[in-house]
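What follows is a single structure, written as structure tokens, with notes after it.
The values are calculated or read from the model by the stated rules, or taken from the named source; none is laboratory data. Note that the coordinates shown come from a computational prediction; the quantities given were computed from them, not determined experimentally. So basically every Cβ, Gly included, is an ideal-geometry build from the backbone, and we count neighbours across all protein chains shown.
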Amino acid sequence: MKIVADENIPQVKEAFENFGNVILQDGRKISNKDVIDADVLLVRSITNVNGSLLKNSKVKFVATATIGTDHVDTEYLHASNIFFIDAKGCNAFSVAEYVVCAVTDLFSSNGKKFSGKTFGVVGYGNIGTKVARFANALGFNVLINDPPLQRINYPQTFHPLTDVLNCDVVTFHVPLNKEGVDKTLHMINNETLGLIRSGSVLINSSRGPVVQNEILKERIIKKKNLFTVLDVWENEPNIDSELLSLVDFGTPHIAGYSLEGKLNGTLIIYNKFCEHFNFTQNWVPNYPSIVNKVTEINSEKSIEETLQEICSKIYDIKKDSAELKSSVNFDDEKRKKHFDELRKNYPIRREFNNYTIKLSGNDGKVKQILSTLRFKVI
């Protein structure tokens with residue numbers, strides 16, 4: 001087989017090299033001539049897979065090592081008898097932990113308490129369920145909005161979008177639907193943004209066009225009354241530099257970029273590939289050892305301070321934001337290149353369950369919270 005793969009899919013060559021010749025390519029530059037004689041195409045979210053890319057090619061199997069599929073013309077693949085799979089759920093914990101670290105930093109830095117505050121989750125899928133679980137553990141009153149699940153009587157209490165947008169924290173975990181009853185394109189627009197009250201935290205780590213960037217920028221400029229965390233942007237990688245300069249945290253679409261999240265994606269598409277072609281599954285991801293797995297914490301501090309101390313050692317969102325914001329004054333081409341380079345060369349980030357927290361005090365509540373966040377606590 002000839003297998004064309006995005007070079008940014010971790011360990012993809014090791015996983016697939018037993019099945020043929022693996023050609024690694026820059027995901028944004030994969031073209032029709034690259035796949036014309038390929039049997040398999042493996043991508044991430046930056047490659048638009050459609051008739052233009054695959055015209056007259058031999059490709060019969062396409063996989064994306066990501067949870068989103070808005071970059072893939074699934075109708076074309078189906079009509080062309082090309083098998084397609086995605087990696088839904090692969091990085092759910094990674095994104096949930098990103099949200100926890102962002103909220104913790106903003107609350108701790110501004111003297112806010114988790115307890116008694118409301119936390120709105122829009123989208124209750126693989127990621128949203130984990131975000132809601134973590135927010136509940138921290139002491140938030142969680143409100144969830146998910147009309148598709150509500151219509152099928154999913155066993156969960158759901159709330160109208162108007163109520164969820166009125167929370168102290170609002171975070172989005174929805175696919176990008178450009179039309180239909182569940183349209184999410186510009187879900188946050190001039191009308192709905194007005195429902196988010198002063199002093200709230202808005203987080204978007206789903207898809208950039210879910211939030212109308214120009215309208216958000218106008219709100220921040222005019223009112224300066226919103227804490228904002230954006231990991232995804234309209235027109236990536238050509239993002240709005242002015243908006244980037246205004247948000248509290250701006251990151252280059254890396255919320256799901258934990259090592260576990262990325263390797264889960266590789267493993268999922270590998271397993272489905274083997275099932276489809278009836279090959280034996282004999283590859284497993286290689287995880288490097290972690291040097292500082294144990295962190296000592298004084299549990300007499302508040303949960304906000306405790307978690308902030310932990311997050312700063314395990315995943316410091318401020319660093320990722322500062323590196324992207326360093327491109328604010330670049331010209332458009334240089335900024336686009338910087339955005340992609342930060343993603344391509346993203347440092348290893350491990351998930352919470354790899355770390356042990358050694359508490360010096362005996363606060364059972366703090367231990368329970370940290371355990372729910374998947375830390376090992378001693």
Within region 46-85, how many residues are in a loop (DSSP other than H, G, I, E, B) and either more than 15 Å from the chain's Cα centre (by Cα) or of a type in the set (Lys, Arg) (or both)?
-> 14
Within region 120-132, identify whether any single residue is more than 20 Å from the chain's Cα centre (by Cα), among the polar types (S, T, N, Q) and modelled with pLDDT of 95 or more, and answer yes or no.
-> no
Is it true that some residue in region 281-298 is farther than 26 Å from SER327 by Cβ, surrounded by 21 or more Cβ atoms within 10 Å (Cβ to Cβ) and at pLDDT below 95?
-> yes
Does region 114-130 contain at least one residue that is assigned to a loop (DSSP other than H, G, I, E, B) and surrounded by fewer than 15 Cβ atoms within 10 Å (Cβ to Cβ)?
-> yes
Please go through region 212-246 and pick out each residue that is buried (at least 19 other Cβ atoms within 10 Å of the Cβ), within 22 Å of LEU176 (Cα to Cα) and aliphatic (A, V, I, L, M).
-> LEU216, VAL229, LEU230, VAL232, ILE239, LEU243, LEU244
Just wondering, is there one or more residues in region 236-247 that are closer than 30 Å to GLU14 by Cβ and not in a helix (DSSP H, G or I)?
-> yes
Within region 283-301, how many residues turn out to be in contact (Cβ under 8 Å) with a residue 12 or more places away in the chain, polar (S, T, N, Q) and assigned to a loop (DSSP other than H, G, I, E, B)?
-> 4
